[in-house]
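Every number here is computed from the coordinates shown, using simple stated rules; none is lab data. It should be emphasised that the depicted structure is a prediction, and the values quoted were computed from it without experimental measurement. In this analysis, Cβ positions are derived from the backbone assuming ideal geometry, glycine residues included, and neighbour counts consider all displayed protein chains.
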Amino acid sequence: MSKEVFLIVALGNPGEKYAHTRHNAGFDTMDLLAKHYGAVLNRNTHKGLIAEVTDAERRIVLCEPQTFMNASGECVRALLDWYGCEPDHLLVIYDDIDLPLGYVRVRRNGGPGTHNGMRSIAENLPDTAFPRIRVGTGDRPEGWDLVDWVLGRVRDPEEKKAMDKAFQLAADCAADWVENGIDSAIRKAACGMKKDE
């Protein structure tokens, strides 16, 4: 009997130039999630860096696409096809300028919004009925160019602290999704945000 596959994809841009920018909130979350599973994403396949974790019942596949953000869907499509994974067993973690800085929201499905990585995934999949975790970076201040904002880094110590907490909460929610399902992960995110209010 084959094991149930759970595919968790974190969005970002590969390379040192983009490390720890706002647009790489997904990758920063994945660092913590991989640590939780004792895994290292070091297998380069299907246009992404992946790690596999198995237990008695499941195969958990962690992935950071290496296509650059705007083509993330190519990696996701290839992985779904390879593992024979249904979209409801796919979880995508990504940054969101429409959420306040440090805010984490888990959704069971939805549209791609204005996020280019999510648009690419939507273009490559038959529908967007898959769970996602959004990590808020806050919108750009007045007068800022959007690209400069999302490719910039959080400098303020208090804001950085808030983002680090958000990455941890998002990673915890992803692990909870695997163990207990989407409803539990949604509750965990909501409870985590209330503690900080």
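To the nearest ten degrees, helix 72-83 and the longest principal axis of the Cα atoms of the chain are 20 degrees apart. Residues of the chain were split at every exposed loop site, defined as trypsin sites (Lys or Arg not before Pro) in a DSSP loop with at most 15 other C-beta atoms within 10 angstrom, and the longest piece left, sites excluded, is 4-107. The separation of the stretch 136-165 from the stretch 6-22, counted between C-alpha centres, amounts to 16 Å. Principal-axis analysis of the Cα atoms of the chain puts helix 25-37 at an angle of about 50° to the longest axis.
Taking amide H as placed 1.01 Å from N in the peptide plane, Val92 has its amide H under 5 Å from the amide H of Val9, Arg132, Ile133, each at least 5 places away in sequence or on another chain. Residues Ser120, Ser2, Ser72, ranked from the fewest to the most other C-beta atoms within 10 Å, line up as Ser2, Ser120, Ser72. Across the stretch 155-165, computed HN-Hα scalar couplings (Karplus, 6.51 cos²θ - 1.76 cosθ + 1.60, θ = phi - 60°) run 9, 5, x, 5, 5, 5, 4, 5, 5, 4, 5 Hz from first to last residue, x flagging Gly and Pro. Looking at the chain alone, DSSP beta bridges between its own residues are antiparallel in about 50 percent of cases.
Against the main long axis of the alpha-carbon atoms of the chain, helix 182-195 sits at an angle near 30°. Label-to-label distance for Glu179 and Glu86 is 2.4 nm, based on points extended 7 Å past Cα in the beta-carbon direction.
In terms of surrounding Cβ atoms within a 10 Å radius of their Cβ, Asp95, Asp148, Asp28, Asp172 rank from fewest to most as Asp148, Asp172, Asp28, Asp95. For Lys35, go through the aspartates and glutamates and keep the ones whose alpha-carbon is under 13 Å away, minus same-chain ones fewer than eight residues off. Candidates past the 8-residue exclusion: Glu52, Asp172. Tally Lys and Arg at +1 and Asp and Glu at -1 over the other residues with C-beta under 15 Å from the C-beta of Arg119: what net charge comes out? Net local charge, Arg119 excluded: -3.
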